[in-house]
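**Student:** After the structure tokens below, expect a handful of questions from me.
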Amino acid sequence: MGESQRFQLGTVGALSLSVVSSVSIVICNKALISSLGFSFATTLTSWHLLVTFCSLHVALWMKLFEHKPFDARAVMGFGILNGTSIGLLNLSLGFNSVGFYQMTKLAIIPCTVLLETVFFRKRFSRSIQLSLSILLLGVGIATVTDLQLNALGSVLSLLAVITTCIAQIMTNNIQKKFKVSSTQLLYQSCPYQAMTLFIAGPFLDWLLTKQNVFAFKYTSEVLVFIVLSCLISVSVNFSTFLVIGKTSPVTYQVLGHLKTCLVLAFGYVLLHDPFSWRNILGILIALIGMVLYSYYCSREGQQKPSEVSAQMAQAKESETDPLIGVENGAGILTDAVVAKAPAWNSNKDLQA
């Protein structure tokens with residue numbers, strides 16, 4: 001099996017793991033919050049991260065992966081930013097209507113595209129832009145209902161979108177810059193994420209629910225669901241870093257909207273949630289957008305290696321053929337030899 005085939009297989013596995021684990025934890029948390037009354041989402045997330053770190057520490061002790069320390073300030077900043085984005089998303093849900101919160105989640109994709117275009121010179125083809133637009137339209141039809149605006153909620157939503165986009169872009173860039181795996185990055189950043197949410201969680205949950213997480217009556221059933229949620233979260237957190245590292249922040253957001261559609265469908269089938277023609281239409285449009293996005297990404301991914309090979313071959317010919325070398329501006333000067341970079345090095349898309 002070639003390297004490209006192994007990479008594709010690993011990517012498919014990461015995407016599948018992310019979908020299955022995320023849908024599972026949403027259903028588990030929905031039962032925990034709606035049925036059992038445990039509505040302390042931010043504190044629960046801090047426990048998720050703490051259990052994830054302990055699980056990774058055991059895996060490290062068993063030598064299942066290698067610890068690779070790198071820039072401590074980058075790890076700390078990334079971990080705190082990631083924890084902050086989670087807290088802001090929870091606050092956004094608490095201070096806004098469900099419809100406006102869904103609009104906030106939809107805004108993450110265009111914001112990510114904008115940030116990567118402006119700061120990283122990444123180019124998105126019109127085909128990709130069209131497929132993303134169809135996807136967002138479908139998810140919007142399926143999930144967005146009421147849109148009630150308020151000043152505080154709007155500010156919190158804006159901050160949540162910005163911090164989430166930056167954190168996901170950093171996840172991808174840190175893995176590539178420092179050549180660390182998703183497991184290594186998650187292991188080093190987990191303590192900072194958990195600490196941020198562990199400190200802020202009880203206050204944020206009290207602000208949203210007017211209840212004290214420490215005064216809650218923990219029955220055996222509640223404890224079972226909390227433990228189950230924490231165990232599933234290990235897979236969720238790992239697959240999140242794995243997907244972003246192997247693909248891109250935009251692809252991860254597309255996958256997130258697929259999870260939303262699946263959660264709606266599972267909620268209707270398993271929990272008998274209300275479902276309407278609008279939900280069905282929105283999910284179908286979103287699925288069309290996802291299929292188109294996958295198709296265009298796959299097609300463009302296959303085109304890039306062939307373009308690189310052709311440009312490298314052209315560069316080699318220019319080294320051996322003096323006429324071609326002069327035409328490309330890479331001729332030998334009389335007094336000094338100036339080595340000019342090959343033409344494909346200037347394509348920033350290929351360096352990403």
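The values are calculated or read from the model by the stated rules, or taken from the named source; none is laboratory data. What you see is a predicted model, and the numbers here were worked out from it, not measured in a lab. FYI the Cβ positions are ideal-geometry reconstructions off the backbone, even for glycines, and counts take in every protein chain you see. The area values use the complete protein model at the heavy-atom level, side chains included, leaving out ligands, DNA and RNA. Shrake-Rupley method; radii C 1.70, N 1.55, O 1.52, S 1.80 Å.
**Student:** Could you state the accessible area per residue of region 89-129 in Å², with a 1.4 Å probe and every protein chain left in place?
**Tutor:** Per-residue value: 53 Å².
**Student:** Ok, one more. Round to the nearest 0.05 the FRET efficiency obtained for Ser34 and Thr117 when R0 = 45 Å and r is the Cβ-Cβ distance.
**Tutor:** Result of the calculation: an efficiency of 0.70.
**Student:** Over its Cα atoms, what ratio of radius of gyration to 2.2 N^0.38 Å does region 165-242 give?
**Tutor:** Against the empirical 2.2 N^0.38 Å value, I get 1.38 for region 165-242.
**Student:** Counting other Cβ atoms within 10 Å of each Cβ, which trypsin sites (Lys or Arg not before Pro) in region 28-120 have at most 16 and sit in a DSSP loop?
**Tutor:** Here the sparse-neighbourhood loop sites are Lys63.
**Student:** With every protein chain kept in the model, how would you rank Glu300, Glu116 by accessible area, 1.4 Å probe, largest at the top?
**Tutor:** In descending accessible area the options line up as Glu300, Glu116.
**Student:** Can you give the accessible area of Ser125 in Å² (nearest 10), computed on protein heavy atoms with a 1.4 Å probe?
**Tutor:** Number for this one is 40 Å².
**Student:** Give me the number: length gained by fully extending Ser154 to Leu64, i.e. 0.36 nm times residue separation minus the C-alpha to C-alpha distance, one decimal in nm.
**Tutor:** 28.0 nm
**Student:** Show me, for region 234-242, the HN-Hα J-couplings you get by feeding each phi into the Karplus relation (A = 6.51, B = -1.76, C = 1.60, θ = phi - 60°), rounded to Hz, glycine and proline as x.
**Tutor:** 3J(HN,Hα) across region 234-242, in whole Hz: 4, 5, 4, 5, 5, 5, 4, 5, 5.
**Student:** Give me, ordered by chain and number, the residues 5 or more places off Phe40 or on other chains with an amide H under 5 Å from its own placed amide H.
**Tutor:** Close amide H contacts, sequence-distant or interchain: none at all.
**Student:** Take Val180, Val118 and sort them by solvent-accessible surface of the protein heavy atoms, 1.4 Å probe, largest at the top.
**Tutor:** Sorted by accessible area, descending: Val118, Val180.
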